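The values are calculated or read from the model by the stated rules, or taken from the named source; none is laboratory data. Everything numeric here is computed off the predicted structure, so don't read it as measured data. Here the Cβ positions follow ideal geometry from the backbone for every residue, glycine too, while neighbour counts run over all protein chains shown. Side chains are part of the model used for accessible areas, which takes the heavy atoms of the whole protein and leaves out ligands, DNA and RNA. Shrake-Rupley method; radii C 1.70, N 1.55, O 1.52, S 1.80 Å.
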Amino acid sequence: MAAQFRSYVWDPALIVAQMVLLQAGYYSSLGLWLALLGTLGSTGPSLQQVFSDEILGFSTPPGRLSMMAFILNALTW
């Protein structure tokens, strides 16, 4: 039997692969937005911008650029 679009077979490897690919795509595009917006604010890209909640906020210019990157990434994904 040929593969169908909506096969109702439990395939945990497919589910895990889809979750990994979605996470990789999300963080890749977030890194791209942070790099693009970082050129506007003259800040170098760092992992702290992605994983630290201390940098997020509207009180500092890098925080505003990080928030803008998160918002743009949410709209594109």
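Could you say which residue among Thr60, Thr39 is open to solvent by 80 Å² or more (accessible area, probe 1.4 Å) and out of contact with any helix residue (DSSP H, G or I) (no Cβ under 8 Å at 6 or more places or on another chain)?
Result: Thr39 is the single residue among Thr60, Thr39 that is open to solvent by 80 Å² or more (accessible area, probe 1.4 Å) and out of contact with any helix residue (DSSP H, G or I) (no Cβ under 8 Å at 6 or more places or on another chain).
Any residue in segment 8-36 that's surrounded by 13 or more Cβ atoms within 10 Å (Cβ to Cβ): show its pairings with residues that are of a type in the set (Gly, Ala, Ser) at Cβ separation under 7 Å, as long as the two are six or more apart or on different chains.
Leu30/Ala69; Trp33/Ala69; Leu34/Ser66; Leu34/Ala69
List pairs: first residue in segment 52-63 and on the phi > 0 side of the Ramachandran plot and at pLDDT 75 or above, second residue surrounded by fewer than 11 Cβ atoms within 10 Å (Cβ to Cβ) and assigned to a loop (DSSP other than H, G, I, E, B) anywhere in the structure, Cβ distance under 8 angstrom, at least six positions apart or on different chains.
Within 8 Å, no pair qualifies.
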